[in-house]
1. Count, please, the residues in region B:177-203 that happen to be within 16 Å of ligand 2 (Cβ to nearest atom) and closer than 23 Å to B:Gly246 by Cβ.
2. Say whether the condition of being in contact (Cβ under 8 Å) with a residue 24 or more places away in the chain, facing chain A (nearest Cβ under 9 Å) and either away from ligand 2 (no atom under 16 Å from the Cβ) or in a strand (DSSP E or B) (or both) is met by at least one residue in region B:53-74.
3. Can you tell me which residue is most open to solvent (accessible area, probe 1.4 Å) among those in region B:23-52 that are outside any helix (DSSP H, G or I) and among the charged types (D, E, K, R)?
4. For region B:151-238, list the strands (runs of 3 or more DSSP E) that sit wholly inside it and hold at least 2 residues that are crowded, with 21+ Cβ neighbours inside 10 Å and among the hydrophobic types (A, V, I, L, M, F, W, C); which are they?
5. Please give the number of the condition B:Pro93 fails out of (1) in contact (Cβ under 8 Å) with a residue 60 or more places away in the chain; (2) within 13 Å of another protein chain (Cβ to nearest Cβ); (3) within 14 Å of the chain's Cα centre (by Cα).
6. Confirm whether B:Tyr213 is over 15 Å from the mean Cα position of the chain (by Cα), touching a residue at least 60 places away in the same chain (Cβ under 8 Å) and at negative phi.
7. Being away from chain B (no Cβ under 14 Å), farther than 15 Å from A:Lys199 by Cβ, open to solvent by less than 20 Å² (accessible area, probe 1.4 Å) and of a type in the set (Gly, Ala, Ser) is true for just one of A:Ala248, A:Ala214. Which residue is that?
8. Count, please, the residues in region A:43-64 that happen to be touching a helix residue (DSSP H, G or I) at 6+ places or on another chain (Cβ under 9 Å) and not in a helix (DSSP H, G or I).
Amino acid sequence: MRKVETSSKKKSLFKKILSSSNVGDFIFERLTLLFAVSVFLLVILLGYEMYQGSKLSIEKFGWSFLVNSTWDPVREIYGALPIIYGTVVSAALALIIALPLSIGVAIYLSEVAPPWLEKPLSFLVELLAGIPSVIYGLWGIFVLVPWIRKVVEPYLSDKLGYLPFFKGAPYGFGLLAAVIILSVMVLPIISSISRDVLKSVPRSQREAALALGASKWQSTMIVLRDARPGILGATMLGLGRAIGETMAVTMVIGNRALISPSLFDPSYTMASVIANEFTEATSEMYLSALIELALVLFVITIIINALARLLVWSMDRKWKTT
Amino acid sequence: MEIKLSVKNLDAYYGKNKVLKNISIDVPKNKVVAIIGPSGCGKSTFIRCLNRMHEVVGGTINGSILLDNEDLTKTDPVLLRKRVGMVFQKPNPFPSMSIFNNVAAGLRLNGVRNKKQITPIVEKCLKQAALWEEVKNNLNDSGANISGGQQQRLCIARTLAVSPEIILMDEPASALDPISTTKIEDLIFELKKDYTIVIVTHNMQQAARVSDYTAFFYVGELIEYSDTKKMFTSPDKQQTEDYIRGKFG
Ligand SMILES: Nc1ncnc2c1ncn2[C@@H]1O[C@H](COP(=O)(O)OP(=O)(O)OP(=O)(O)O)[C@@H](O)[C@H]1O
Ligand SMILES: [Mg+2]
């Protein structure tokens, strides 16, 4: 009796496969579903593993891990606030510098540049996006940092030295160098993706605007409206890179867990702390604290992405109706 | 009869490729002129010369086009396009704007910002385009989330809002079902009271129904241009007759 049942079940599954108009489609559907689910599982697994690894530190320090500013492996006190601060501030400032420039570059490449110039320029931008970060780091040490020490910082402290942001001795190594190097690294990413997004807006949209009597500038603004979600996506990718960037940043930022309003002072980021100190982490608590730092980085990345999504939705709704 | 638009000895090129040869057409005010001819004969190119969209894709022209006796090749293209509106073959509403804002777009481009001023114009144009009844309750929906026929009427409303003097239409109904097509044809009939219209169409019956004059193009040349009734009953040229009877093209 039972045997019959299973065989009929098998049969019905078999039938289902056959009757779904195409076997290939059926397999394709299941396979892609599997991939999608596995991505989801991977994220959860990653989060879970990090949580397990950092349990020791979480139990010992609790929330003070996030709000305490002492990071002292010798005394085994781990407060990550300066490191979180350094990460967020360096990435945010880099984005503030890079975003307008990137959008400018993207608009130039997609809307203004003549074809003979557009091709090589786009190629160059894409090339820049693909350069390994250690090379940016070397450039930072040998070119950027001396330039900042000799030219930029003396100039800024001379002209704007009364502001807290430009106080202190000009070391060269510090937050300012990190911000500049990050913006240089993020710029080609945001520009090349934004260019693709702008290019993918159909020509009929530009023609519609022009035919209504829009100037070139106005029609570009309309194209930009269509491209908004894509550009935001590009920005998020850039921000993700800036927050997670390790090598180039650690080579120029000075690597000291310190909260200071001055851009001249050294700082530290989560990614560089993890990379630098992992090999030295001899005690279990130290290791656990570093993993907790990774967890924080992970959560911050997720929060930023979620916020970006929300931003797109709310802007879309607002812009459509105003 | 007042001549609104006068094309004289017009040649049009894409690079070195000459696609229009020595075209001369007078378009009378408040009339509908239909352009017919087989695919690739230069109909779109011709009407795109009339609002200088031809140069946007890098094309060039020779000859003169007079709008109210003023050479439009010498005017500012941005100002010109406010006087000569265009409806494209494929509906192209702005998807990132609401239905309302699609119609208001042209006004805003012209610097009209006052909502009190914009609202009645939007309503009027949507009514003129026979779309008001269908969308009046969801003016805030995206301009891309309506049917193709509605989108095309939205594009017409958008063009009307700028209050042009001439409306160019490039096969405005070719992507539409018969009912939407009829609506647009009725609309054209209404519009000619206030506007001068040049319409490209592949559909002979449509040309016969909506237009006062018809021009027949063939591989870049104007074969015949005359009163629509005459064109469809006793054309002068054998070629025209063959085309209208469906013998080629
Ligand atoms: N952007 C362009 N660049 C180069 N050549 C073009 C371009 N657009 C059209 N042409 C050429 O110009 C000629 C006329 O094209 P046009 O689009 O004006 O024809 P049409 O009469 O509108 O055809 P259809 O009825 O298919 O729309 C064609 O031979 C075409 O290959
Ligand atoms: Mg055409």
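1. First, pick out the residues of region B:177-203 that are within 16 Å of ligand 2 (Cβ to nearest atom): B:198-203.
Then keep just the ones that are closer than 23 Å to B:Gly246 by Cβ; that gives B:199-203.
Total meeting the criteria: 5.
2. First pass over region B:53-74, keeping only residues in contact (Cβ under 8 Å) with a residue 24 or more places away in the chain: B:53-54, B:57-69.
Restricting the remaining residues to those that are facing chain A (nearest Cβ under 9 Å) gives B:53, B:57.
Of the ones still in play, those that are also either away from ligand 2 (no atom under 16 Å from the Cβ) or in a strand (DSSP E or B) (or both) are none.
Within region B:53-74, none of the residues are in contact (Cβ under 8 Å) with a residue 24 or more places away in the chain, facing chain A (nearest Cβ under 9 Å) and either away from ligand 2 (no atom under 16 Å from the Cβ) or in a strand (DSSP E or B) (or both).
3. At the first step, the residues of region B:23-52 found to be outside any helix (DSSP H, G or I) are B:23-42, B:51-52.
Next, only the ones that are among the charged types (D, E, K, R) stay: B:26, B:29, B:31, B:52.
Details: B:Asp26: 66, B:Lys29: 84, B:Lys31: 63, B:Arg52: 32 Å².
Step by step, filter region B:23-52, then rank; the result is B:Lys29.
4. Numbers: elements: B:166-170, B:196-200, B:213-218, B:221-227.
The strands (runs of 3 or more DSSP E) meeting that bar are B:166-170, B:196-200, B:213-218.
5. (3)
6. Values: over 15 Å from the mean Cα position of the chain (by Cα): no; touching a residue at least 60 places away in the same chain (Cβ under 8 Å): yes; at negative phi: yes.
Against the criterion (over 15 Å from the mean Cα position of the chain (by Cα), touching a residue at least 60 places away in the same chain (Cβ under 8 Å) and at negative phi), B:Tyr213 does not qualify.
7. Numbers: A:Ala214 fails: away from chain B (no Cβ under 14 Å).
Sole residue among the options that is away from chain B (no Cβ under 14 Å), farther than 15 Å from A:Lys199 by Cβ, open to solvent by less than 20 Å² (accessible area, probe 1.4 Å) and of a type in the set (Gly, Ala, Ser): A:Ala248.
8. Summing the residues that are touching a helix residue (DSSP H, G or I) at 6+ places or on another chain (Cβ under 9 Å) and not in a helix (DSSP H, G or I) in region A:43-64 gives 1.
The values are calculated or read from the model by the stated rules, or taken from the named source; none is laboratory data. Everything numeric in this text was worked out from a predicted model, so none of it was measured. Here Cβ is always computed from backbone atoms with ideal geometry, including for glycine, and neighbour counts include all displayed protein chains. Side chains included, ligands, DNA and RNA excluded: accessible areas come from the protein's heavy atoms. Shrake-Rupley method; radii C 1.70, N 1.55, O 1.52, S 1.80 Å.
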